[in-house]
Amino acid sequence: MAEWYEQSFGEDYLVVYKHRDFQGAKHEVHKMISWLGLPIGAKILDLCCGMGRHAMALEEAGYEVIGVDLSEVLLREARRNDPDQRVTWMHADMRNLPLSGGFDAVVNLFTSFGYFDQDAEHIKVLKEVRRMLKPGGQFIIDFLNPEYTMAHLVPESERTYDGQLIKERRVIDDGYVKKRIEIIDQTGAADLRTGPRHYLERIKLYSLEDFTAMLEEAGLGLKEIYGSYDEDSFDPLVSPRMIMVGDVSS
């Protein structure tokens, strides 16, 4: 049986996350650039690049960018948004990258971490981040803040895009935040398959202490932690995000 992340990042993902815009990505990239302090022309790996919003913004800012993702659907969308092929797009599993490294920075954004059952699989991802980085290389991991998420979880929500009713149900269960998504076509179009479509998203709730230990095991160290892209310092009680900036451990 396919894993949830092999099923959920398809055509319907483009509907569920249609509200994610390129302008917002440019704002986030502007902050990331200031945190990393990389020279123009530096080589950056966008690990789990999705539709390519951040990779494109990084390229526009003057960097050499490779975007990697497991979803062929999202990579197709990324290529469509990059007709001049300014970014190199690559299909791969984040646990086993077909690259030799040499990157000045690796970024992993929009909670593209915590997908797997075992801690060892997540540590494998971090070891791949370490392998990708040249000496002195840096990383950014943009993850949800578990304490804030648990305190502010919205159990149910609904919205409509392009005639598609999107119902989302969220729970905290056994150390994971789980979101069940139901999409119902309301257009009556004959070419759409009948009946609701169902998906699951599941993220393991790693605390900052958990991350620190896993990063250390992978040969990485933390330098700064931000609570948002407005550069707020991280507060476990009030920060919506846990944006970790670090580098290769000496």
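The values are calculated or read from the model by the stated rules, or taken from the named source; none is laboratory data. Source: prediction; values computed, not measured. Methodologically, a virtual Cβ is constructed for each residue, glycine included, from the backbone with ideal geometry; neighbour enumeration extends over all protein chains shown.
Applying the selection to region 19-44, what residues are farther than 14 Å from residue 110 by Cα and touching an Asp or Glu at 6+ places or on another chain (Cβ under 9 Å)?
Those that are farther than 14 Å from residue 110 by Cα and touching an Asp or Glu at 6+ places or on another chain (Cβ under 9 Å): 31, 34, 35, 36, 38, 39, 41, 42, 43, 44.
Please indicate, with yes or no, whether at least one residue in region 97-107 is part of a loop (DSSP other than H, G, I, E, B), among the polar types (S, T, N, Q), in the same structural domain as residue 221 (by TED's automatic domain parsing) and within 17 Å of the chain's Cα centre (by Cα).
no
Please state which of the following conditions residue 43 fails to meet, knowing it meets all the rest: (1) at pLDDT 95 or above; (2) crowded, with 23+ Cβ neighbours inside 10 Å.
Result: residue 43 fails condition (2) only.
Might you let me know whether region 167-183 holds any residue that is assigned by TED's automatic domain parsing to the domain that holds residue 135, on the phi > 0 side of the Ramachandran plot and not hydroxyl-bearing (Ser, Thr, Tyr)?
So far as region 167-183 goes, no, none of its residues is assigned by TED's automatic domain parsing to the domain that holds residue 135, on the phi > 0 side of the Ramachandran plot and not hydroxyl-bearing (Ser, Thr, Tyr).
All but one of (1) of a type outside the set (D, E, K, R); (2) in a helix (DSSP H, G or I); (3) surrounded by 17 or more Cβ atoms within 10 Å (Cβ to Cβ) hold for residue 120; state the number of the condition that does not hold.
In the conditions (1) of a type outside the set (D, E, K, R); (2) in a helix (DSSP H, G or I); (3) surrounded by 17 or more Cβ atoms within 10 Å (Cβ to Cβ), residue 120 misses (3) alone.
For a quick check of your reading of the model, give me the residue pairs whose first member lies in region 109-138 and is under 12 Å from residue 5 (Cβ atoms), whose second is modelled with pLDDT of 95 or more and basic (Lys, Arg), with beta-carbon atoms closer than 6 Å and at least 6 apart or on different chains.
Note: pairs meeting the criteria are 114/204.
So, restricting to strands (runs of 3 or more DSSP E) that lie completely within region 131-250, which ones have at least 2 residues that are surrounded by 13 or more Cβ atoms within 10 Å (Cβ to Cβ)?
Where strands (runs of 3 or more DSSP E) fall fully within region 131-250 and carry at least 2 residues being surrounded by 13 or more Cβ atoms within 10 Å (Cβ to Cβ), they are 133-144, 164-173, 176-185, 197-204, 220-226, 241-248.
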